[in-house]
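The values are calculated or read from the model by the stated rules, or taken from the named source; none is laboratory data. Here the structure is a predicted model, which means the values were calculated and not measured. Methodologically, a virtual Cβ is constructed for each residue, glycine included, from the backbone with ideal geometry; neighbour enumeration extends over all protein chains shown. Note: areas computed on protein heavy atoms with side chains; ligands, DNA, RNA excluded. Shrake-Rupley method; radii C 1.70, N 1.55, O 1.52, S 1.80 Å.
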Amino acid sequence: MASNFSKNAEESPEPCKAEVKGSIPSWLQGTLLRNGPGIFSVGATSYDHWFDGMAIMNSFAIKDGEVTYRSRFLRSDTYTSNMAANRIVVSEMGTMAYPDPSKNFIVKAITFLNHTVPDFTDNGASNFIKYGNDYYATSETNYIRKIDPVTLETQDKVDYMKYLPVNLSSSHPHYDKEGNAYNIGTSIADKAKTKYILFKVPANVPALKNVEVICTVPCRSLLTPSYYHSFGITDNYFIFIEQPLKLDILKMATAYMRGVNWASCLKFCPEENTLIHLIDRKTSKVVETKYFTGPMIVYHHVNAFEEDGHVVFDVIAYKDNSLYDMFYLSKLKENSGMQDDNYSRPSYKRFALPLQSDKDVAVGEDLVKLKYTTASAVKEKEGKLMCQAEVLCEGFELPRMNYDFNGKRHQFVYGNNVEDSVLAKKIVKIDTDTKEMVYWSEDNCWPSEPVFIPRPNGESEDDGVVLSSVISSNPGLSSFILILDGRTLKEVARACVNTPLHKDMHGFFIPQENMTSHQIRKNSPKIKITRISRVHGRRPAHQASDTARSNGPYET
């Protein structure tokens, strides 16, 4: 298994049929896209960190009980420059690239300047984003790359900075039922201010040209903005966690000169509390109450919802920043998926933020009145609440759920079991009401993040299937796409591919009707298309969500 992390992948751009075992539900029609690093060495140079590898995109098209697979490397500017030089010449977060010693002084001087004021990579190896009718490969820089979701061909390079002043941006946006996308980015030292910008990309074409700034949140410190990977959303609020994992901008400017990577400029400040920002979507302002909790690091939000005067949100939290270090390739090779004594297990935490005023509440009193959670919010002083979370389980990561319930109270979450290592060997489903968990696993198999797809007109929240790409190291058994029953987590079918799969990061499912309309628009741009909306997982009207979308790709 260890060799999979440093071995370069091979692309398979031509579609090929997978061997299906079992029976794929007839209603499951669409394409699962997966994204992650795939090239780790170029010429005599190698990346130090797994996250830095150049992106390979995988597509699994499911139609009429069959699965067609293809993959392509993202032809980013980073890819083009590295391949042309036959060495790594574009720096990534965990790998600093230095010029060939034979290069002249001018080349070295230009390289130095490019690292003092970093022009970040466009190697979008983390996820896919849908803006309007377009799909993009993304990481967390100001660059995203448009792709063809059918052929996986790389198209335009897009710079967020042309549309709004964000140097960094989350790779986990949210979508509403109309197809509008919501995201957050960091604006560093713009007009002597560093701030977080929440923005909306409307569901029209060209989408980014009509981007709207919803709200700006001042950073607690000018030159050390907080790192974040995702955020939360409900019908009426955004939840943004300003955590004590900070990016030191001054250290970044001198990192190249000091011979260290940019990741070393991320610092965890355990002496600082975590600040939870609650932003009112109607007023576009941060609510006056200040919510704090102890030091923690969050990469993935699970979901958020409103109930009985509270905003409840679930996250996967770590006690320190050791997770990033676990993905250095030397570390992955050393541990090979076995238990590591230095491994910091994540906790699935639930927070509850009271919305009512605390003016008539005594200091020391808990304002959380919900009966089903032990989460608390204790008044420290006027307008300041110290929040403690309920821990639902340990060793759970890469959470996915039925996105039709996004912004509403949910019961079921799917993820990877990472009890002993960052390398998941099990898929897990948790019932957040009963805390019961069920698992899927197979010897010598490593599943990816699971993606839940609801059955049309489903009878329950978990009525659907779970998709995961699985790496197999069993002799004679190829890697495969796994299809599990969303209720029981029992195997429904698998589609074996005749090419090795590699560990990836995140996935994005595009329903067939969305893919078909995309193809019609692309090939016949003068034809006017009228979209007929569909509804997944119908529920009573009082449970309908303004936040959950019913006709978009399923991505959290």
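Quick notes
- Residue selected from the stretch 274-310 under the condition among the polar types (S, T, N, Q) and buried (at least 17 other Cβ atoms within 10 Å of the Cβ), by the criterion nearest to residue 381 (Cα to Cα): 289
- If the condition is being part of a loop (DSSP other than H, G, I, E, B), closer than 24 Å to residue 332 by Cα and free of Cβ contacts under 8 Å to residues at least 60 places away in the same chain, then the stretch 403-428 contributes only 424.
- Condition met for residue 43 (touching a helix residue (DSSP H, G or I) at 6+ places or on another chain (Cβ under 9 Å) and either open to solvent by 10 Å² or more (accessible area, probe 1.4 Å) or of a type in the set (Ser, Thr, Tyr) (or both)): yes
- Residue under evaluation residue 344, criteria (1) assigned to a loop (DSSP other than H, G, I, E, B); (2) out of contact with any strand residue (DSSP E or B) (no Cβ under 8 Å at 6 or more places or on another chain); (3) open to solvent by less than 10 Å² (accessible area, probe 1.4 Å), criterion not met: (2)
- Which numbered condition residue 33 misses (of (1) touching a Pro at 6+ places or on another chain (Cβ under 6 Å); (2) assigned to a strand (DSSP E or B); (3) of a type outside the set (D, E, K, R)): (1)
- For the stretch 480-522, the candidate set comprises residues that are among the charged types (D, E, K, R) and under 17 Å from residue 71 (Cα atoms); within that set, the residue that is modelled with the highest pLDDT is 504.
- Evaluated against (1) surrounded by fewer than 19 Cβ atoms within 10 Å (Cβ to Cβ); (2) over 22 Å from the mean Cα position of the chain (by Cα); (3) on the phi < 0 side of the Ramachandran plot, residue 252 falls short on exactly one condition, (1).
- Leading residue by the ranking (surrounded by the fewest Cβ atoms within 10 Å (Cβ to Cβ)) among those in the stretch 177-212 that are more than 18 Å from residue 234 (Cα to Cα) and β-branched (Val, Ile, Thr): 205
- Residues satisfying the stated conditions in the stretch 267-285, i.e. aliphatic (A, V, I, L, M) and over 14 Å from residue 298 (Cα atoms): 278, 279
- Selection within the stretch 294-312 - among the small types (Gly, Ala, Ser) and more than 15 Å from residue 413 (Cβ to Cβ): 294, 309
- Taking residues in the stretch 159-170 that are without any contact (Cβ under 8 Å) to a residue 60 or more places away in the chain, and partners anywhere that are of a type in the set (Phe, Trp, Tyr) and part of a helix (DSSP H, G or I), the pairs with Cβ atoms closer than 7 Å and at least 6 places apart or on different chains are 166/160; 169/160.
- Within the stretch 130-154, being under 22 Å from residue 68 (Cβ atoms), charged (D, E, K, R) and crowded, with 22+ Cβ neighbours inside 10 Å holds for one residue alone: 130.
- Qualifying residue in the stretch 429-440 (condition: part of a strand (DSSP E or B), touching a Gly at 6+ places or on another chain (Cβ under 9 Å) and touching a residue at least 40 places away in the same chain (Cβ under 8 Å)): yes
- Identity of the residue in the stretch 364-385, open to solvent by 30 Å² or more (accessible area, probe 1.4 Å) and either part of a loop (DSSP other than H, G, I, E, B) or touching a Phe, Trp or Tyr at 6+ places or on another chain (Cβ under 6 Å) (or both), that ends up nearest to residue 290 (Cα to Cα): 382
- Residues (among the aliphatic types (A, V, I, L, M), over 18 Å from the mean Cα position of the chain (by Cα) and open to solvent by 30 Å² or more (accessible area, probe 1.4 Å)) located in the stretch 391-450: 391, 437, 438
- Consider the stretch 153-174 and keep the residues that are part of a loop (DSSP other than H, G, I, E, B) and among the small types (Gly, Ala, Ser). The one that is nearest to the chain's Cα centre (by Cα) is 171.
- The set of residues from the stretch 451-464 being open to solvent by less than 10 Å² (accessible area, probe 1.4 Å) and either free of Cβ contacts under 8 Å to residues at least 24 places away in the same chain or under 18 Å from residue 59 (Cβ atoms) (or both) comprises 451, 453.
- Breaking point among (1) surrounded by 21 or more Cβ atoms within 10 Å (Cβ to Cβ); (2) not in a loop (DSSP other than H, G, I, E, B), for residue 24: (2)
- Being in a strand (DSSP E or B) and not aromatic (Phe, Trp, Tyr) is a property that holds for residue 187.
- Residue tally, condition assigned to a strand (DSSP E or B) and of a type in the set (D, E, K, R), over the stretch 254-282: 2
- Near pairs, Cβ below 6 angstrom, 6+ apart or cross-chain, from the stretch 142-153 (modelled with pLDDT under 95) to any residue that is in a strand (DSSP E or B) and open to solvent by less than 10 Å² (accessible area, probe 1.4 Å): none
- Members of the stretch 196-250 found to be touching a Lys or Arg at 6+ places or on another chain (Cβ under 7 Å), free of Cβ contacts under 8 Å to residues at least 60 places away in the same chain and not in a loop (DSSP other than H, G, I, E, B), listed by number: 212, 216, 218, 226, 238, 242, 246
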